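Values quoted throughout were computed directly from the atomic coordinates according to the rules given, and no laboratory measurement underlies them. Please read all numbers here as calculations on a predicted model, not as lab measurements. Using ideal geometry, Cβ is built from the backbone for each residue, glycine included, and neighbour counts are taken over all protein chains shown.
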Amino acid sequence: MREYVATAKTVEEAIQLGCEALSVDSDDLGVSYEILEMPQKTGFLGLKVTPAKVKVTVETADTESEATPAAPVAAAEPEPAPAEEAAEQPAAEDAAPAEAETPLDIAADPRLQAAVDYLTPIFHLMGVEEFTFTAGKKGEATILHVEGAHLGALIGRRGETMESLSYLASLVVNRMEGPYVKLGIDVGGYRNKREDDLTALAVRIANRVIRTGCYYEMEPMNPYERHIIHTAGGRAQREQGRRSRPPRGDLFHRPQRQQPAGS
């Protein structure tokens, strides 16, 4: 683990300085930061400004491997007691609430076909020529899968372009007659990969909050990603036998704040 404490006029500038000092990008999954001091106006008539102070932390593979040396101890222990096995089963069931996806026929659904007809020329204008559509129903969500070659332009930075396309396609679908459709686009399996990355990040940050008792501000996220962070972080805290509390905060357009339980 590498850390750097930076000071600047604003929190954003302090984070940027800390990331530059550690040669990382603020969007990297292994990067987190803790706000030590907020900028404040002090002195006569508030003319003196106390700068913001932020501690930027970078998780490394070596740190994670050193932080989990429990495998040898578990291997040396005898068979677990029945009570321990019973206690571990609910946690395992809670950690794997996998929902099966039901395939849908796009040609048989006029609303899905309308979404495909709307997206196809947009993809061509974005320089993507070879792609195919499939659809599936997972829970309450209808997912339009896009497969093909050179799909990076449809995903964008951290999936922002993909989410924008999902929003536009959803508007087209829900302008037609019928019940509301919660439509999302998954380009090249990116949505599942992003969900796995966010889940791992939430567990890592939640464990660090429990260990250090410090607040951690996270990058701004859309409602879908915030839900993943809330769910995974809360599960990690429950597994530690602590009360989970949803993140809160109003900096950087509703950032995710993981905070120690009971605070």
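Structure summary
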| quantity | calculated |
| --- | --- |
| Net charge of Cβ neighbours under 15 Å - reference H150; Lys, Arg +1; Asp, Glu -1 | -3 |
| Net lengthening on full extension, T120/L104 (0.36 nm per residue, minus Cα-Cα) | 3.9 nm |
| Estimated FRET transfer efficiency when R0 is 22 angstrom, pair S26-N222 (beta carbons, to 0.05) | 0.80 |
| ³J(HN,Hα) computed for each position of segment 225-233 - Karplus, 6.51 cos²θ - 1.76 cosθ + 1.60, integer Hz, glycine/proline x | 6, 4, 4, 5, 4, 4, 5, 5, x |
| Cα centroid of segment 3-38 to Cα centroid of segment 122-156, whole Å | 35 |
| Local electrostatic count at L36 - Lys and Arg +1, Asp and Glu -1, tallied over other residues with Cβ under 12 Å | -2 |
| DSSP-assigned coil residues among chymotrypsin sites (Phe, Trp or Tyr not before Pro) in segment 160-222, each with at most 10 further Cβ atoms within 10 Å | Y180 |
| FRET efficiency for E160 and Q113, using Cβ-Cβ distance with R0 set to 30 Å, rounded to 0.05 | 0.70 |
| Inter-label distance for K182 and K9, nm, one decimal - labels placed 7 Å from Cα along Cα-to-Cβ | 4.4 |
| Inter-label distance, nm, simple model (7 Å from Cα along the C-beta direction), A153/T134 | 2.5 |
